[in-house]
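S.K.: Just passing along the structure, written as structure tokens.
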Protein chains: 2
Amino acid sequence: MTDVGIVGLGLIGGSLGLDLKALGYQVWGVSRKAETCEMALAKGVVDRSSVNLDLLASAEIIFICTPIGLILPTLRDLIPHIRPGTIVTDVGSVKGAIVPSATALWPDFVGGHPMAGTAEQGINAAQKDLFKNAPYVITPLPHTSMTGVEKLSTIVAQLGSKLYRCSPEAHDRAVALISHLPVMISANLIRVCMVDEEVELAQNLASSGFKDTSRVGGGNPELGMMMAQYNRSALLQCLRDYQDNLEQLIQYIESDNWEQLASTLTFTQESRPLFIK
Amino acid sequence: MTDVGIVGLGLIGGSLGLDLKALGYQVWGVSRKAETCEMALAKGVVDRSSVNLDLLASAEIIFICTPIGLILPTLRDLIPHIRPGTIVTDVGSVKGAIVPSATALWPDFVGGHPMAGTAEQGINAAQKDLFKNAPYVITPLPHTSMTGVEKLSTIVAQLGSKLYRCSPEAHDRAVALISHLPVMISANLIRVCMVDEEVELAQNLASSGFKDTSRVGGGNPELGMMMAQYNRSALLQCLRDYQDNLEQLIQYIESDNWEQLASTLTFTQESRPLFIK
């Protein structure tokens, strides 16, 4: 049975440990904090834990589950401790900023992104079956080893996730569209209302439509910053496309082109169910 | 006790009838369909009903609860049947396109907008307490009779609604911000995703953030059309302001001005609760 390493024992790393142990894998976990290592052992998230990366010397596949900014530094620290052929993967929510650089450092790197989460963070939020029925995107490069892709795909299937395979660029574009762009347009809605002279009345009259449309724009600013910084190029392209399309929509209204506006709104009504499953 | 007339026995007119009868008013209802008149009587929505407006000859206050496009035509038809001094009000969701014209036709017109609703329509969806704790905006002009405003305000208070009073323009601007603008930016999000080359992957990866942000843009196109046509000017101004603000936000990202972006996202996070009560 494969020995699996996990670096970073937060919500994702911890939940991964719970599922992999239940599947019969030997799971070894590394955290920078001794306290987290102890908690991981106590919660049954890992079989062994340590603050030292050399714990993972004989792991066959290693999941880097740190925040995005620490994925490449962690991989650099990890390399002296592991043997050639070890598959290393990550769980970062952007891939273009990670995968080519990581693969240059370690040829057996395979980028991954499990699209699951909860409002809470940290090992105490770890739960079983977090990835079940959730999308899990694997983003190999043309020269990524098939062994690594297959090994990771097998685990993803065992987690019960829906596996998708695409380029890092396609991933980043799709994620910009459905996650990062919504945050920006939603935040901008709140901002426009706040600087309006009718802001007080608007606050009194706002109901469920405003509530839903503003939700992700009123979320954790650090998340929005991360998206903008690490997925900058795809997000900017989506924002520009958004502006162009909005300009067209404004022109339908300005020119009383009700036929075009009606067909656009009918199109969006009919299209939305394709995204909601 | 005041005798109240209702023209248009749909969700709003029907729910109003139920509450007003419970409050002890004599309620007389007019619908264009004999079938609806019968149903209104059977459901206890009205004390008397008719397809003829002359039923309302001696009403002291009359609520026009038709779709927006029929408010002015209905008022014109109503005038020959009622006596001077009768207060006439409406429940339309835009006010600038209604109130000045209606007041020119009938000096004792007072514009109103109860901001309550359900997903369903028609008299069968009518329910008690629909307006309880919901905003109810009254939009008098400078020369609107105080008697009418006071009479309507008393009824609004009895319905348990939260009463707001402002100009038709302020109402339309606030409603554009919190309701009509969200529909357009949400619809535009769906549209941008649908014309993208990564649309299929985007559909597979979309989750709760996309779901919430796209909800009102995937709604009934007739509602969006009504907003754009009857609140055209306020909506266009809001859309232009939205574009200007979005352009600024894009420029923060393009110029790596992370400090400004962070302060904007912190501002929107802190501001959203002011709209959610």
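A short reminder: the numbers here are calculations on the coordinates, not readings from a lab. Here the structure is a predicted model, which means the values were calculated and not measured. All Cβ positions, glycine included, derive from the backbone under ideal geometry; neighbour counts span all protein chains shown.
S.K.: Calculate how steeply helix A:258-271 sits against the longest principal axis of the alpha-carbon atoms of chain A, using the helix alpha-carbon long axis, and give the answer as 0 to 90 degrees to the nearest 10.
M.R.: 20 degrees
S.K.: Using alpha carbons only, how many angstrom separate the centre of the stretch B:76-147 from the centre of the stretch A:175-228?
M.R.: 31 Å
S.K.: Continuing with the same structure: Quick one: pull the percentage of alpha-carbon pairs in the stretch A:192-258 with a separation above 20 Å.
M.R.: Value for the stretch A:192-258: 56 percent of Cα pairs lie more than 20 Å apart.
S.K.: What are the extents of the Cα atoms of the stretch B:146-200 along their three principal axes, in Å, largest first?
M.R.: Sorted largest first, the three principal extents are 60, 23, 11 Å.
S.K.: Toward the positive end of the charge dipole of the protein assembly as shown, about the Cα centre and with charges on Cβ (Lys, Arg +1; Asp, Glu -1), which of B:Asn231, B:Val46, B:Thr266 goes farthest?
M.R.: Final value for the positive-end residue is B:Val46.
S.K.: How far is it, in nm, from the label point at B:Ser50 to the one at A:Asp244 when both lie 7 Å from their Cα along the line to the Cβ?
M.R.: Here the modelled spin labels are 6.1 nm apart.
S.K.: Before anything else, pin down the relative contact order of chain B: Cα pairs under 8 Å, at least 6 apart, normalised by residue count, whole percent. Let's see the in-between values first.
M.R.: Working: 440 pairs, mean separation 38.8, N = 277.
Computed over chain B, the figure is 14 percent.
S.K.: Separate question: Can you give the angle from 0 to 90° between the axis of helix A:221-230 and the longest principal axis of chain A, with both taken from C-alpha atoms, to the nearest 10?
M.R.: With rounding to tens, the tilt is 80 degrees.
S.K.: With a cut-off of at most 14 other beta carbons within 10 Å, and DSSP calling the residue loop, which trypsin sites (Lys or Arg not before Pro) in the stretch B:178-252 qualify? Please list them.
M.R.: none
S.K.: If you don't mind, there's one more thing I want to ask. Report, as a whole number in µm² per second, the diffusion coefficient that Stokes-Einstein gives for chain A at 25 °C and 0.890 mPa s using the Kirkwood radius over alpha carbon pairs.
M.R.: 119 µm²/s
S.K.: Take the eigenvalues of the Cα gyration tensor for the stretch A:179-227, scale each by 5, and report the square roots as semi-axes in whole Å, largest first.
M.R.: Values: eigenvalues 91, 26, 12 Å².
Three semi-axes, in Å: 21, 11, 8.
S.K.: Then there is this: Of all DSSP beta bridges located in the protein assembly as shown, what percent are antiparallel, nearest 5?
M.R.: 10 percent
S.K.: Could I ask something else about it? Counting only C-alpha contacts under 8 Å and six or more residues apart, can you give the relative contact order of the stretch A:16-79 as a whole percent?
M.R.: The value is 27 percent.
S.K.: While we're here: State the number of lysine pairs found in chain B whose Cα atoms come within less than 17 Å, restricting to pairs 8 or more positions apart or on distinct chains.
M.R.: 11
S.K.: Can I ask one more? Return one quarter of the surface area of the convex hull spanned by the alpha-carbon atoms of the stretch B:146-277, equal to its mean projected area, in nm².
M.R.: So the mean shadow area of the Cα hull is 11.4 nm².
S.K.: So, one more: For the stretch B:39-170, compute Rg over Rh where Rg is the Cα radius of gyration and Rh is the Kirkwood radius from the inverse mean 1/r over Cα pairs.
M.R.: 0.94
S.K.: Angle, helix A:181-194 long axis vs. longest principal axis of chain A, Cα atoms, 0 to 90°, nearest 10?
M.R.: Helix A:181-194 and the main axis of chain A meet at about 50 degrees.
S.K.: Could you work out [θ]222 nm for chain B from helices alone, using -39500 (n - 2.57) per DSSP H run of at least four and dividing by all its residues? Round to the nearest 500 deg cm²/dmol.
M.R.: Computed mean residue ellipticity for chain B: -14500 deg cm²/dmol.
S.K.: Turning to a different aspect of this structure: Given a cut-off of under 8 Å on Cα pairs at least six residues apart, what relative contact order in percent is computed for the stretch B:130-277?
M.R.: Relative contact order for the stretch B:130-277 comes out at 20 percent.
S.K.: Find, among the residues of chain B, the one whose Cβ sits nearest the axis of the rotation taking B to A; state the distance in whole Å.
M.R.: B:Asp212, 2
S.K.: Can you compute the modelled spin-label distance between B:Ala104 and A:Glu38, with each label point 7 Å from Cα toward Cβ, in nm?
M.R.: 8.0 nm
S.K.: Determine the dipole magnitude for the stretch A:1-151: charges of +1 sit on the beta-carbon of Lys and Arg, -1 on that of Asp and Glu, nothing else is charged, the reference point is the Cα centre, and the result goes in debye to the nearest 20.
M.R.: Working: 11 positive and 13 negative charges, 23 e Å.
Its charge dipole is roughly 120 debye.
S.K.: Let me ask another. What value in Å³ per residue do you get for the convex hull of the alpha-carbon atoms in the protein assembly as shown?
M.R.: 160 Å³
S.K.: Also, I was wondering about something else. Given the options A:Gly85, A:Gly148, A:Gly14, which has the most mean-square fluctuation in a GNM of chain A, springs set between C-alpha atoms less than 10 angstrom apart?
M.R.: The residue that fluctuates most here is A:Gly85.
S.K.: For chain A, which span is the longest to avoid every loop-located (per DSSP) member of GluC sites (Glu not before Pro) having at most 14 other Cβ atoms inside 10 Å?
M.R.: The reported range is A:1-119.
S.K.: Could you give the dipole magnitude of the stretch B:106-230 about its Cα centre, charging the beta-carbon of Lys and Arg +1 and that of Asp and Glu -1, in debye to the nearest 20?
M.R.: The calculated dipole for the stretch B:106-230 is roughly 560 debye.
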